[in-house]
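In what follows, a structure is listed as structure tokens, so that the remarks can point back to it.
The values are calculated or read from the model by the stated rules, or taken from the named source; none is laboratory data. Since the structure is predicted, the reported quantities are computational estimates derived from the model, not experimental observations. For neighbour counting, all protein chains shown are included, and Cβ atoms are generated from backbone atoms with ideal geometry for every residue, glycine included.
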Amino acid sequence: MGRARVTAPSCSLHAIVMAGFYAAGVCNDLQKEPMNQRLDVPAAAIDFNDEDSNTSANPTFGAVLTARLSRRGLLRGGVGTVGTAMLAGFGVSACGGSDDPVVPAEKLLGFAAVPKSLADVVSVPVGYTASVLYALGDPIIAGTAAYKNDGTDTDYDQRGGDHHDGMEWFGLGADGKRSDSATERGLLAINHEATTDEKLSSFFIHANGGTSTLPRPASEVDKEVALHGIAVIEVTKTAGKWGYTPNSALNFRLTPLSPIEIAGPARGHAQMATKYSPTGTMTRGTLNNCGTGKTPWGTFLTGEENWFGYFTRGAADDAARGNDKSVTALKRYGRNQGAASRHGWESGGAADQYQRWNNSKTGASQDGSDDYRNEMNGMGYIVEIDAYDKTRTAKKRTALGRFAHESAAFGKVVAGQPLTVYMGDDSRGEYIYKFVSTALWDAADANAADRLAVGDKYLDSGKLYVAKFNADGTGAWVELSMAHAAIAGYAAYKFADAGDIAINTRLAADAVGATKMDRPEWNAVNPANGEIYFTLTNNSNRSIDPTGSQYLPDAANPRAYTDMKGASKQNGNPNGHLVRMKEGATVSAFTWDVYLFGAEAGADKSLVNISALTADQDFSSPDGLVFSKATGICWIQTDDGAYTDKTNCMMLAAIPGKQGDGGPRTVKHGDKTVTTYVGKAPTPTTLARFLVGPKGSEITGWCETPDGRAVFINIQHPGESTKMADVNDPTKYESQWPANAGYGAGQRPRSATIVITKNDGGVIGS
């Protein structure tokens, strides 16, 4: 989650040259595997944040894997070691504004590393202050009552939503309009991904924990639905302190009930027709919003991640559909017939707003215009929103594909060249994608008045690619189009047209043999060299002796091991890693290595702690990833369930080198070995822990003021392991944050946005 869980990986980035230091960029996002599992759920229940629907026969690294994984030893190949160079600064105009590099006078990563912690607080380095800015339930529309935080509050469409995730900064000038240079007034566009739940109910927002059986009361459903979506809030710095403006006319919410336009190749497609929009041109709402991006023309991109679990299907729905190809598609996106929904929202009543969550064929029409059999096809996209103009209808950019989207990071923006957007599909065994626009970048579009029209130009037409990683450190971007014989002739699913590919992107990627990865979440582009970073959060399906849905380790996902959490064994790749990619001479080629492996400092350095992390650097389950525009620091955030017996989730600051600055490494699994390619080991001045969050929380979302002197971070779902039965007993809460930090009424834990400043007014990370 948090999956989001989100952080502006797409912000413009600047290289920094510092004597004795590497030039670098910054990273952002979010999710987890064990940590997202709800407590006391029957064994047969689905973990809606841990999808595992890729049953394709795709090898994890194609046929080359067998040449790399051997019971007898290492088969050699290689990518040569490349020394790290000092790089002059250059800019990427992904967020608009000036490309002049900001070179802080302070030494980057000069702070004292924060130790691991299990305390119910936000820990930051000495000399820094973290303050709560905006939390679940806070009023954002004039006239909304103060939040009581006792389960009796309503009107959540006028309040802060839950599970704060990805986030972007949009500066405001004195006239209240867009200003890319503003440092003391702006808008925060914030994803509200999900809500803390046990069984069906989001128990912290209901007086007595809510209803955990079906049917759910409409009043409970209405509150939970409104908790999801996005919020845009105005924030200002006054007399040296940051605060949000509850009654700003610029504040607004989008929820799962807000009208949103379908744009791109899926617009008007037969598979998009619903009772709400028989023409397939509109849908309601955005859901499970995780990572983010910011366009070169100043709009907000949000990724729809684990949306599949909100829908239900009847036990006989396959037959009702005539076992047509829609059944194949539904299963590929995590919805088998008889599948229960996450919250049971479909049981709230006969009204249309509740029935839309039933994805069964219940009507008599051939096209689906009299029911919601196609409703789920309206979720799973990158959504573009104009944060500066709440009157504009948001648009789902279907050309970027449909899957469990995290963030959307733009490559370097060059006049006269197409734009490139990188994306990951956050589920076990899913894929990495990029979109290349048909239109060539015109710098005049950076400040266009009609920002969504610019989005039409660059995001509705282009080529979508999926990544195939080779065992020799190279890779190929494979275009997903009807021109590809493997797609046109795919036996498992008969594709009709480009719109079908946009809607069923996973199946198209299956058809061309894309590489199964260890849960690709956030991604970001290093401004110093244009290289692409992806967090691969974890994967319990990697095994050296795979059975069932498991699969072998490979070069880009080389670990399969047992990690102990107390007396509990966690198998596969529970700690995750970050992969780094460099585009090649053509649009179809790239090279790669593993930038960092998550691990405990004391773990086996030949199999687990391959990056040789120290106690000031060790981490597990990287999720959020963002590069700072102001400093070039790469910020790495965790959403962890493997290491939480030793520390709460955290955020690290990194100054990475470049792809190929390390070399090949042999990873031994008993009598089996696999070759991988590992980046240069970090030092105390290139990787250090900056923040540790409260109990039960995920750290996600990152953005900054243009001067780098204020950074905004999201603390998602503190206290999420609290039992529903204990909802009225604060002494039994896993966390009481942020109430225990002096923020707000009541003691129920709340997701919240914090702002971090340096006490001497300096740049964050120095």
Hey, could you check the stretch 662-683 for residues that are out of contact with any Asp or Glu (no Cβ under 8 Å at 6 or more places or on another chain) and closer than 17 Å to Cys634 by Cβ and say which is surrounded by the most Cβ atoms within 10 Å (Cβ to Cβ)?
Pro682
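Applying the selection to the stretch 461-493, what residues are of a type in the set (Gly, Ala, Ser) and under 19 Å from Thr328 (Cβ atoms)? Break it down into steps so the answer makes sense when it comes.
Within the stretch 461-493, the first condition is being of a type in the set (Gly, Ala, Ser), and the residues that meet it are 461-462, 467, 471, 473, 475-476, 481, 483, 485-486, 488-489, 491-492.
Residues satisfying the conditions are Ala486, Ala488, Gly489, Ala491, Ala492.
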Of the criteria (1) more than 27 Å from Pro265 (Cβ to Cβ); (2) crowded, with 23+ Cβ neighbours inside 10 Å; (3) more than 20 Å from the chain's Cα centre (by Cα), which one Arg342 fails:
(3)
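Listed here are the residues, each with its yes/no results for (1) under 28 Å from Ile382 (Cα atoms); (2) in contact with a Pro (Cβ under 8 Å, 6 or more places away or on another chain).
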| site | (1), (2) |
| --- | --- |
| Ala509 | yes, no |
| Val512 | yes, no |
| Gly530 | yes, no |
| Thr537 | yes, yes |
| Ser540 | yes, yes |
| Ile544 | no, yes |
| Pro553 | no, no |
| Leu596 | yes, yes |
Quick one: which residue in Val755, Val763 is crowded, with 20+ Cβ neighbours inside 10 Å, in contact with a Phe, Trp or Tyr (Cβ under 6 Å, 6 or more places away or on another chain), at pLDDT 95 or above and farther than 18 Å from Phe204 by Cα?
Val755
What's the total number of residues in the stretch 684-705 that are buried (at least 24 other Cβ atoms within 10 Å of the Cβ) and either at negative phi or of a type in the set (Phe, Trp, Tyr) (or both)?
14
Pick from Asp500, Asp460: which is within 27 Å of Thr295 (Cα to Cα), surrounded by fewer than 24 Cβ atoms within 10 Å (Cβ to Cβ), in contact with a Gly (Cβ under 9 Å, 6 or more places away or on another chain) and of a type outside the set (Val, Ile, Thr)?
Asp460
Mind checking which residues of the stretch 623-652 are closer than 11 Å to Trp702 by Cβ, of a type in the set (A, V, I, L, M, F, W, C) and in contact with an Asp or Glu (Cβ under 8 Å, 6 or more places away or on another chain)?
Leu625, Val626
I'd like to verify a number: residues in the stretch 711-746 that are in contact with a helix residue (DSSP H, G or I) (Cβ under 6 Å, 6 or more places away or on another chain), surrounded by fewer than 17 Cβ atoms within 10 Å (Cβ to Cβ) and assigned to a loop (DSSP other than H, G, I, E, B), how many?
0
Which residues, taken from the stretch 690-703, are in contact with an Asp or Glu (Cβ under 6 Å, 6 or more places away or on another chain) and under 25 Å from Ser721 (Cα atoms)?
Pro694, Lys695, Gly696, Glu698, Thr700, Gly701
What about Ala528, is it of a type in the set (A, V, I, L, M) and at pLDDT 95 or above?
no
Run Lys223 past the list (1) assigned to a loop (DSSP other than H, G, I, E, B); (2) basic (Lys, Arg); (3) over 27 Å from Asp425 (Cβ atoms) and report the number of the one that doesn't hold.
(1)
Does Arg750 fit the bill of being part of a strand (DSSP E or B), surrounded by 21 or more Cβ atoms within 10 Å (Cβ to Cβ) and basic (Lys, Arg)?
no
Residue set Thr302, Thr286; condition crowded, with 22+ Cβ neighbours inside 10 Å and in a loop (DSSP other than H, G, I, E, B); output residue Thr286
Any residue in the stretch 608-627 that is over 28 Å from Ala404 (Cα atoms) sitting within a Cβ distance under 7 Å of a residue that is of a type in the set (Gly, Ala, Ser) and in a loop (DSSP other than H, G, I, E, B)? List the pairs, counting only those 6 or more apart or interchain.
Asn609/Ala601; Asn609/Ala603; Ser611/Ala681; Ala612/Ala681; Leu613/Ala601; Thr614/Ala601; Ala615/Ala601; Asp616/Ala113
Inside the stretch 450-514, counting only helices (runs of 4 or more DSSP H) that do not spill past its ends, which hold 1 or more residues that are more than 16 Å from Ala266 (Cβ to Cβ)?
451-459, 485-488, 505-511
Out of Ala409, Ala404, report the one residue that is of a type in the set (A, V, I, L, M, F, W, C) and either under 24 Å from Gly280 (Cβ atoms) or surrounded by fewer than 24 Cβ atoms within 10 Å (Cβ to Cβ) (or both).
Ala404
Within the stretch 278-304, residues being touching a strand residue (DSSP E or B) at 6+ places or on another chain (Cβ under 8 Å) and either over 14 Å from Met376 (Cβ atoms) or among the β-branched types (Val, Ile, Thr) (or both) number 18
Sole residue being at pLDDT 95 or above, over 19 Å from Ile432 (Cα atoms), under 23 Å from the mean Cα position of the chain (by Cα) and surrounded by 24 or more Cβ atoms within 10 Å (Cβ to Cβ), chosen from Pro574, Pro558
Pro574
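Please find, among Gly657, Gly602, the residue that is surrounded by 23 or more Cβ atoms within 10 Å (Cβ to Cβ), over 22 Å from the mean Cα position of the chain (by Cα) and part of a loop (DSSP other than H, G, I, E, B). Talk me through it step by step, then tell me what you get.
On the way: Gly602 fails: surrounded by 23 or more Cβ atoms within 10 Å (Cβ to Cβ).
Of the residues listed, the single one that is surrounded by 23 or more Cβ atoms within 10 Å (Cβ to Cβ), over 22 Å from the mean Cα position of the chain (by Cα) and part of a loop (DSSP other than H, G, I, E, B) is Gly657.
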Among (1) basic (Lys, Arg); (2) in a strand (DSSP E or B); (3) closer than 24 Å to Ala514 by Cα - the single one Arg559 does not satisfy:
(2)
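Report yes if Thr644 is over 18 Å from Pro682 (Cβ atoms) and either over 23 Å from the mean Cα position of the chain (by Cα) or aromatic (Phe, Trp, Tyr) (or both), otherwise no.
Numbers: over 18 Å from Pro682 (Cβ atoms): yes; either over 23 Å from the mean Cα position of the chain (by Cα) or aromatic (Phe, Trp, Tyr) (or both): no.
It is false that Thr644 is over 18 Å from Pro682 (Cβ atoms) and either over 23 Å from the mean Cα position of the chain (by Cα) or aromatic (Phe, Trp, Tyr) (or both).
State yes or no: is Ala266 assigned to a loop (DSSP other than H, G, I, E, B) and either at pLDDT below 95 or not aromatic (Phe, Trp, Tyr) (or both)? Please lay out each step first, then the result.
Numbers: assigned to a loop (DSSP other than H, G, I, E, B): yes; either at pLDDT below 95 or not aromatic (Phe, Trp, Tyr) (or both): yes.
Criteria met by Ala266.
From the list Leu330, Leu301, which residue is over 29 Å from Thr55 (Cα atoms) and modelled with pLDDT of 95 or more?
Working: Leu330 fails: over 29 Å from Thr55 (Cα atoms).
After applying the criteria, what remains is Leu301.
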Would you confirm, using the coordinates I've provided, whether Thr438 is out of contact with any Cys (no Cβ under 7 Å at 6 or more places or on another chain) and surrounded by fewer than 24 Cβ atoms within 10 Å (Cβ to Cβ)?
yes
